[in-house]
Amino acid sequence: MGIVKLMSGNDAVARGAWEAGVVFAAGYPGTPSTEVLERLATYDEVDAHWSTNEKVAFEEAMGAALGGVRSMVTMKHVGLNVAADPFMVFPYAGTNAGFVVLVADDPGMYSSQNEQDSRYFAKVAKVPLLEPADAAEARAVTRDAFELSERFRTPVMLRTTTRLAHTRGLVEPGERTERERKPFSRQVSQYAIPVYARFRRVELEAKLGQLREFAEEFPGNVIEEGGAEIGVVTHGIPYQYVKEVCPDATIFRLGMLYPLPERRLKEFCARFATVFVVEESEGFIEQEMAALGIHNVIGKARFTNVGELGADLVAAGLTGAPVPGDFSAETTILPRPPVLCAGCAHRGVFTTLRKLGVLVTGDIGCYTLGCLPPYQAIHTTFCMGASISNATGFQRAGEPRVVAVIGDSTFLHSGLPGLVSAVYNQVPTTVVLVDNGTTGMTGHQEHPGTGHTLKGKPAPAVDYEALIRAIGVEQIEVVDPWDLEATERAIRAGLDHAGPAVIIARRFCRLLPVSKAETRVPYRVVLEDCIQCEECMETGCPALVWGADGPEIHEWECTGCSLCAQLCATEAIVATEVA
Amino acid sequence: MPVTNVVIAGVGGQGAVLASELLALAAMEAGQDVKQGEFHGVAQRGGAVFSHVRFGERVHSPMAPRGQVDVLVALEKLEALRYAHFLKPGGIVIVNDHQVEPVRVGDSRPYPEDAIEFLSSKGFQVMVLEATQQALALGDHRAANVVLLGALANVLDLPDDAWQRTLERRIPERHLELNRRAFAAGREAAPAHVSE
């Protein structure tokens, strides 16, 4: 073995792509996929950038692949919904240079609004689907994906899950192979209009037939011989659980999940009375096998399609072993939900919205936490950009006072078309654009409004006020959300305005270096002035706790935002240097 | 050689993930196969975070099965309770005597003051460390995670030079001396505090 490194699945995918000679990569941040592109950007040979959304990223990478260089696009599962349009159409034309679509699913919904199983997309689009089982494989499989893509001139979908993406394991990295740019041939018949696409449609079926044959010989579909009693068909991370709890089973491990190797699966399943199909999320393999006429399987009847599997649940499914529970019946295991950070600028917006009692449509970002107590100031959260268009709908339904809350990155991703629609249709939608100058929740990625690229180079920053004015919004106000009075006044003015209104609540995320460099004046509680009304606790600030004698502020955590002081009726909360 | 299973738990921002990465690197330095997987929710800070580290000749599952964990390292007492069911019978808990009150979301039950007694009553070997205090005395409360790692090193079979090389390679130069001293403090503190 050469040099071995400890790498996450995401790092290993990036490494494999770099080794495969990727020249261009694009994506939009989304847990658990984000680090793939961040890591790719660290290689000088790779031009990697954040795009405004996944559809744009897909089309950019697709254009680069057509233009003749190996390219990659990265996204989380719901990002593929956004990019579904090009994803479904591109296979008709087929690619020129290698093109890989990295999609990271999130079973267990650690940081997602849904638990969709993206494997179905590969079937609908008729593209081959690969899935690695650990970091070492992730590197190798990513390299293979580019070979496969060029061999069949097809986009290849590489699927990971949170557990693969965020688990570190040992990887032996290889070297990069540079490739010549492949000339693009301007054959319109391959790339345009229905009259040609009808021919391509027929060819796509023929290509799928070739891929089915390829699946029979694909070396990533491996049978690991074990005992004759238990036969298992599995894939990816679930394979590791099977090996853990049933090391003696005979295992057919699928590295390529679409299309399936029909003949080999039939031969394998004929060896056993029944075969377990162990897969996470939906019964995708099980259903495909049923469609091939393989019926002696036990799958989702034993292995739930809800949440993340684990060795325990797989053991329970295979052997009936019980899954031990925690000690919550015997002791107090208080939940510890994630919270908005001390000094988070969103807190001022939610404190105000709660006071106004308006209906609030939310969006995707840290501010989603505004739905939890003590704020309970967000009433819906669905998908990227939905806040503004949902608010328009609520207005149309007759709800009198609706506010949409959306972050800066999300606004640029897909909020803008909703706002244009509201202006065009003259709906008095009120939008609070919470501009914290970063993509906060996924770990501070740059975006078109931040003034920097993924590679850290200076870039033009979107001028939100000018942009929003240009599409026809007349009522625009910029406020500091640390100023409760100004924030309330601006939101009230927006609600009172007859047309669409945008309030830009602007303050940098507290975790950004620019915020940390600010001089911090923490606050403290003067207990003798405190009447114990607990109004300050309504901030839900982690720096403010209820101690033995009343409220206490952890000075090392307090950012000096003064929100609690502004809420205090008796001025019992004061800046430390004022004392 | 059987697989060794360790769970490291804490509150977001306490360094549970870095501690588990250091353990994984030390196991790698010692020539073992290793997997380390972390679990955290949507936000950057404040939520419960835990991480599994498994090492041995060959590791498959990234997560240790429940009831098979050898050592649970908890940077906070409530978090020790939350993951104690992963421990094997008689397993070791290394717990920081430190309390971080969770932000309440509709749950007004008092913080469980008797976490350490409860864990002992379940037959686990509980080692209590004042890791945050020790780290603070060394100059930075954030080094509590490495104090606990020092204590963990005493109950694992990884050679000391694997740990030292790991600290050297992973910790930035300007923090290295502090972390070396934090690790040494954990090494020395552990044996005196074992409760049965």
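The values are calculated or read from the model by the stated rules, or taken from the named source; none is laboratory data. In this text the structure is predicted, and so the values were computed from the model without any measurement. Cβ: placed from backbone, ideal geometry, glycine included. Neighbour counts: every protein chain shown.
Flag: A:Asn96 does not match the condition of being polar (S, T, N, Q) and within 21 Å of A:Ala386 (Cβ to Cβ).
Put simply, of A:Ala215, A:Ala197 the only residue that is over 30 Å from A:Tyr110 (Cβ atoms), assigned to a helix (DSSP H, G or I) and touching a Leu at 6+ places or on another chain (Cβ under 8 Å) is A:Ala215. Only one of the numbered conditions (1) surrounded by 20 or more Cβ atoms within 10 Å (Cβ to Cβ); (2) within 14 Å of another protein chain (Cβ to nearest Cβ) is violated by A:Ile294, and that is (2). Scanning segment A:1-49 for residues being surrounded by 24 or more Cβ atoms within 10 Å (Cβ to Cβ) and touching a His at 6+ places or on another chain (Cβ under 9 Å) gives a total of 12.
Tell me, please, whether a residue that is of a type outside the set (Phe, Trp, Tyr), farther than 12 Å from B:Leu72 by Cβ and either buried (at least 22 other Cβ atoms within 10 Å of the Cβ) or away from chain A (no Cβ under 14 Å) (or both) can be found in segment B:116-127.
First, pick out the residues of segment B:116-127 that are of a type outside the set (Phe, Trp, Tyr): B:116-117, B:119-123, B:125-127.
Then drop every residue that is not farther than 12 Å from B:Leu72 by Cβ, which leaves B:116-117, B:120-121, B:123.
Among the residues that remain, those that are also either buried (at least 22 other Cβ atoms within 10 Å of the Cβ) or away from chain A (no Cβ under 14 Å) (or both) are: none.
Looking for residues that are of a type outside the set (Phe, Trp, Tyr), farther than 12 Å from B:Leu72 by Cβ and either buried (at least 22 other Cβ atoms within 10 Å of the Cβ) or away from chain A (no Cβ under 14 Å) (or both), one finds none in segment B:116-127, hence no.
For A:Ala342, the conditions (1) of a type outside the set (Val, Ile, Thr); (2) part of a strand (DSSP E or B); (3) within 14 Å of chain B (Cβ to nearest Cβ) are fulfilled apart from (2).
For segment B:88-115, the tally of residues that are β-branched (Val, Ile, Thr) and at the interface with chain A (Cβ under 10 Å from one of its Cβ atoms) stands at 3.
The numbered conditions (1) surrounded by fewer than 20 Cβ atoms within 10 Å (Cβ to Cβ); (2) under 30 Å from A:Asp44 (Cβ atoms) are all true for A:Pro374 except (2). Selection of segment A:271-291 for residues being under 16 Å from A:Tyr120 (Cα atoms) and either in a helix (DSSP H, G or I) or hydrophobic (A, V, I, L, M, F, W, C) (or both) yields A:Phe284, A:Ile285, A:Glu286, A:Gln287, A:Glu288, A:Met289, A:Ala290, A:Ala291. Residues of segment A:458-512 that are without any contact (Cβ under 8 Å) to a residue 40 or more places away in the chain and in contact with a His (Cβ under 7 Å, 6 or more places away or on another chain): A:Pro458, A:Ala459, A:Gln475.
Among the residues of segment A:543-579, those identified as within 19 Å of A:Lys516 (Cβ to Cβ), within 39 Å of the chain's Cα centre (by Cα) and not hydrophobic (A, V, I, L, M, F, W, C) are A:His554, A:Glu555, A:Glu557, A:Thr559, A:Gly560, A:Ser562.
Does segment A:393-409 include one or more residues that are within 19 Å of the chain's Cα centre (by Cα) and modelled with pLDDT under 95? No, segment A:393-409 contains no residue that is within 19 Å of the chain's Cα centre (by Cα) and modelled with pLDDT under 95. Only one entry in A:Lys243, A:Lys266 is more than 14 Å from chain B (Cβ to nearest Cβ), free of Cβ contacts under 8 Å to residues at least 40 places away in the same chain and assigned to a helix (DSSP H, G or I), namely A:Lys266. When you look at A:Thr368, is it modelled with pLDDT under 95, surrounded by 19 or more Cβ atoms within 10 Å (Cβ to Cβ) and not hydrophobic (A, V, I, L, M, F, W, C), yes or no? The answer is yes for A:Thr368. The single condition among (1) more than 11 Å from chain A (Cβ to nearest Cβ); (2) in a loop (DSSP other than H, G, I, E, B); (3) surrounded by 15 or more Cβ atoms within 10 Å (Cβ to Cβ) that B:Thr132 does not meet is (2). Scanning segment A:56-115 for residues that are surrounded by fewer than 24 Cβ atoms within 10 Å (Cβ to Cβ), among the charged types (D, E, K, R) and touching a Gly at 6+ places or on another chain (Cβ under 8 Å) yields a single hit, A:Glu115. Taken as a whole, the condition of being outside any helix (DSSP H, G or I), in contact with a helix residue (DSSP H, G or I) (Cβ under 6 Å, 6 or more places away or on another chain), at pLDDT 95 or above and assigned by TED's automatic domain parsing to the domain that holds A:Arg70 does not apply to A:Val101.
Of the residues that make up segment A:439-449, is at least one surrounded by fewer than 17 Cβ atoms within 10 Å (Cβ to Cβ) and out of contact with any Gly (no Cβ under 9 Å at 6 or more places or on another chain)? Show your work before the answer.
Step one: of segment A:439-449, the residues surrounded by fewer than 17 Cβ atoms within 10 Å (Cβ to Cβ) are A:443.
Subset that is out of contact with any Gly (no Cβ under 9 Å at 6 or more places or on another chain): A:443.
Yes: segment A:439-449 contains one or more residues that are surrounded by fewer than 17 Cβ atoms within 10 Å (Cβ to Cβ) and out of contact with any Gly (no Cβ under 9 Å at 6 or more places or on another chain).
Residues in segment A:116-140 that are away from chain B (no Cβ under 14 Å), in contact with a Gly (Cβ under 6 Å, 6 or more places away or on another chain) and assigned to a loop (DSSP other than H, G, I, E, B): how many? The qualifying residues number 1.
Sort through A:Gly299, A:Gly325 and tell me the only one that's at negative phi and within 14 Å of chain B (Cβ to nearest Cβ).
After applying the criteria, what remains is A:Gly325.
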